[in-house]
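Novice: Supplied in structure tokens, the structure appears directly below.
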Amino acid sequence: GESVGLHLPTLSVQEGDNSIINCAYSNSASDYFIWYKQESGKGPQFIIDIRSNMDKRQGQRVTVLLNKTVKHLSLQIAATQPGDSAVYFCAERAHGGATNKLIFGTGTLLAVQP
Amino acid sequence: EPEVTQTPSHQVTQMGQEVILRCVPISNHLYFYWYRQILGQKVEFLVSFYNNEISEKSEIFDDQFSVERPDGSNFTLKIRSTKLEDSAMYFCASSQLNLAGGNEQFFGPGTRLTVL
């Protein structure tokens, strides 16, 4: 089942530290994954994506790791900045290539302390 | 940088009333989507739209919901008879290609719908 509620998991980090945000996805047939950042009052903003034929992908200051064996996705943010404070969602494409539907995870609130 | 826009930013309505939420997707995009996010919960898929027809919809998207692309720029979501549980943030998104083509979905800022 899925757990939903008003209390998001929260990760609190010091400015300049590295952050690691984790996500467990539900469908072993999912073949495409995306991390989104959502700031207060705004829509989700694309950060980085990864296909299931990869286990790591790097962007600017961000790295996504995919472990298909345990259905786990992580987002690493290097040298975290106050502007990184937001809710981070992982999303998966359901059932593999025949759909555009994204299934979002619960989200993690990243709080960067100056 | 092109972006998805949505109007209004906040809509307050009485239960049973019809509402239309409006979106202007990015101009060269071909796929359009509506998602919603109830306060404190996950973003949920509602519907996808391509080539002037619905390509996929969720179980949330019942007969009370409809979508339309009335002209070359707007994409609308209509809720015919709103219920209290329709209160949520509604996000429009668009993508140039479908996910098989590897293109991400760009999200608008959302419309907060409050049903009283």
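Novice: With the crude spin-label approximation of a point 7 Å out along Cα→Cβ, what separation in nm comes out for B:Asn28 versus A:His72?
Specialist: Computed distance between label sites B:Asn28 and A:His72 equals 4.1 nm.
Novice: Compute the projected area of the convex hull of the Cα atoms of chain A, averaged over all viewing directions, and report it in nm² to one decimal place.
Specialist: Working: hull surface 29.1 nm².
The number I arrive at for chain A is 7.3 nm².
Novice: Then there's this: Beyond 25 Å between alpha-carbons counts as too far, so tell me which of A:Lys71/B:Lys83; A:Lys68/B:Lys57; A:Lys71/B:Lys42; A:Lys42/B:Lys42; A:Lys42/B:Lys78; A:Lys37/A:Lys101 fall in that bin.
Specialist: Flagged as over cut-off: A:Lys71/B:Lys83; A:Lys68/B:Lys57.
Novice: Keeping the other protein chains in place, figure out the carbon and sulfur percent of the accessible area of chain A, with a 1.4 Å probe.
Specialist: Reported share for carbon and sulfur atoms: 48 percent.
Novice: I'd like to check one number: the per residue accessible area of chain A, probe 1.4 Å, reported in Å² as a whole number.
Specialist: 51 Å²
Novice: Also, I was wondering about something else. Taking 4 °C and 1.567 mPa s as the conditions, I'd like the Stokes-Einstein D for chain B in µm²/s, using the Kirkwood hydrodynamic radius from alpha carbon pairs.
Specialist: Numbers: Rh = 14.2 Å.
After rounding, the answer is 91 µm²/s.
Novice: Quick check: pseudo-label points 7 Å beyond the Cα along Cα→Cβ at B:Thr76 and B:Leu116, how many nm apart are they?
Specialist: 2.4 nm
Novice: Report, to the nearest whole %, how much of the accessible area of chain B belongs to carbon and sulfur atoms, 1.4 Å probe, protein only.
Specialist: Working: 2570 of 5590 Å².
With neighbouring chains kept in place, the figure for chain B is 46 percent.
Novice: When you look at the Cβ of every residue in B:42-55, what mean number of other chain Cβ atoms sits within 10 Å? List each step's numbers first, then the result.
Specialist: Numbers: counts 10, 12, 4, 8, 1, 1, 4, 1, 1, 0, 0, 0, 0, 3.
The mean count of partner-chain Cβ atoms within 10 Å per residue comes to 3.
Novice: Let me ask something else about it. Quote the convex hull volume per residue of the protein assembly as shown, based on C-alpha atoms, as a whole number of Å³.
Specialist: Per residue, the Cα convex hull of the protein assembly as shown comes to 129 Å³.
Novice: What does the C-alpha gyration tensor say about the overall shape of segment B:51-116? Classify as rounded when a/c is under 1.5, otherwise prolate if a/b is larger than b/c, or oblate.
Specialist: prolate
Novice: What shape does segment B:6-64 have by the C-alpha gyration tensor, where a ≥ b ≥ c are the square roots of the eigenvalues, rounded means a/c under 1.5, and otherwise prolate means a/b greater than b/c and oblate the rest?
Specialist: Prolate, since a/c reaches 1.5 and a/b exceeds b/c.
Novice: Over chain B, with the other protein chains present, what is the accessible area per residue in square angstrom, probe 1.4 angstrom?
Specialist: Using a 1.4 Å probe on heavy atoms only, each residue of chain B averages 48 Å².
Novice: Using a 1.4 Å probe on protein heavy atoms only, how many Å² of accessible area do A and B hide from each other, summed over both chains and rounded to 100?
Specialist: 2000 Å²
Novice: Here's another thing I want to ask about it. Can you give the FRET efficiency for B:Thr7 and A:Gln113, using 1/(1 + (r/R0)^6), R0 = 25 Å, r = Cβ-Cβ distance, to the nearest 0.05?
Specialist: It comes to 0.10.
Novice: A further question follows. Applying 1/(1 + (r/R0)^6) with R0 = 30 Å to the Cβ-Cβ distance of A:Asp17 and A:Arg57, what FRET efficiency is obtained, to the nearest 0.05?
Specialist: After rounding, the FRET efficiency stands at 0.85.
Novice: Using the basic label-point model (7 angstrom from Cα toward the beta carbon), what is the A:Asn27 to B:Asn51 distance in nanometres?
Specialist: Distance between label points: 2.1 nm.
The values are calculated or read from the model by the stated rules, or taken from the named source; none is laboratory data. What you see is a predicted model, and the numbers here were worked out from it, not measured in a lab. Every residue, glycine as well, gets a Cβ built from its backbone with ideal geometry; the counts of neighbours run over all protein chains shown. Ligands, DNA and RNA are excluded from the accessible area calculation, which covers all protein heavy atoms including side chains. Shrake-Rupley method; radii C 1.70, N 1.55, O 1.52, S 1.80 Å.
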